[in-house]
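Reading through the C-alpha cells given below for one structure.
The values are calculated or read from the model by the stated rules, or taken from the named source; none is laboratory data. These numbers come from a predicted model, not from an experiment. When we count neighbours, we look across all protein chains shown, and the Cβ atoms used for this are built from the backbone with ideal geometry, even at glycine.
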Amino acid sequence: MEANKILSADILDIVFEGRNKDYGAYNLRKTYNRRLFTALGTMIGILLLLFLFYFVAGKINSTDKQQMEVQDVQLEQIQQEEKKPEPPPPPPPPKPEPPKVEIAKFTPPKIVKDEEVKEDEKPPEVEKLEETKIGTINQEGIKDEGIVAPPVSDAGKGVIEAPKKVEEDENTVFTKVEIESQYPGGPSAWARYLNKTFHYPEEAQANEIQGTVVVQFIVDKEGNVSDVEVVSGPSGGGLREEAIRVIKKSGKWEPAIQNGRKVKSYKKQPVIFRLDTE
C-alpha cells in the first residue's frame, strides 16, 4: 500500500493488504458491527413483542374474572365432651410369701434338776435336727431341703447379726495375684541394677558355663525379700550362688496387689548368664 494512503486507510485494509479479500474473513470483519447492531435490534424487538403480549393477555383475563361472593358463615359453638378420668390401674398382686422352714429352738445347756426342766426348754433330739434348721424359736414348716429360711424375729430387741466376714490370714502367701510384684522402676531399672551389681563367677567363665537361673523368693507387703531359692538353671560354676546374691542384695521391691491391697506373694525372677564369645 502506498504511504500516502496508509493514514486514510481502514485497519482491515492494512491487515488484508495483498491477501485474498474474497475468501470470507475480510467480509466477516468488515460487516461485524452491522451484524451486531442488527442482532441487538432484533432481540430488543422480540422482547418488546413478548412484553406487549403478556400485558394484553393480562388485561383480557382480568376482564373475564367474575366477582366472588363471600358469605359470612357463623360457626356454632361446639361443646367439647369432658373426658372422664381413667380409673387407676389395679394394684399388683401381693408377692407370695416364702415357705416357712421348720425351725427347732436351741437353748444353751444348763445343769438343773430334772423336775425343773420345762417342756419348751428341752433340747431337740439329734435325729430331728438333720432336716431342721436351728434357731431361737420353734416353728412348724416344711423340711429343710436347701431353702433359705427368712430371718427369725428377735422378740422386738431390734438386734440383727451381720454375717461374719471370713478374714484372710495376713501371713497368707499368694501364688497368683492381680498385679505381680516388681523391681522398683521396672525392667529398665532392673537392667541397670544387674549391670552395676552382677559379677560373672570366674569358675563359670573358665568352664564356659552359661544359661538362665530362675530364682524364687517371697516379697511381703512392705517389699522385703525373703526365702530366696533357685528353682532351675545350670548347676556348678557358682551361677546359682551369684543369682541368689543378686536377688538378696536388690533391696525392697514393689509388693503385689490383690483386691486393691498389698499382699505377700511369691516371685520368680530369671537371671541370665551369658558369655561374650567374640
Checklist entry - Of the residues that sit in segment 237-250 and are in contact with an Asp or Glu (Cβ under 8 Å, 6 or more places away or on another chain) and at pLDDT below 90, which one is surrounded by the fewest Cβ atoms within 10 Å (Cβ to Cβ)? => result Gly238
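Considering Gly223, Gly236, Gly251, which residue is assigned to a loop (DSSP other than H, G, I, E, B) and touching a Lys or Arg at 6+ places or on another chain (Cβ under 6 Å)?
The unique qualifying residue is Gly223.
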Next on the checklist: Just to be sure I understand the filter: pairs with C-beta atoms under 6 Å, separated by 6 or more residues or on different chains, first member in segment 211-238 and outside the structural domain of Val177 (by TED's automatic domain parsing) and closer than 11 Å to Lys268 by Cβ, second member at pLDDT below 90 and outside any strand (DSSP E or B). Which pairs pass?
Outcome noted: none
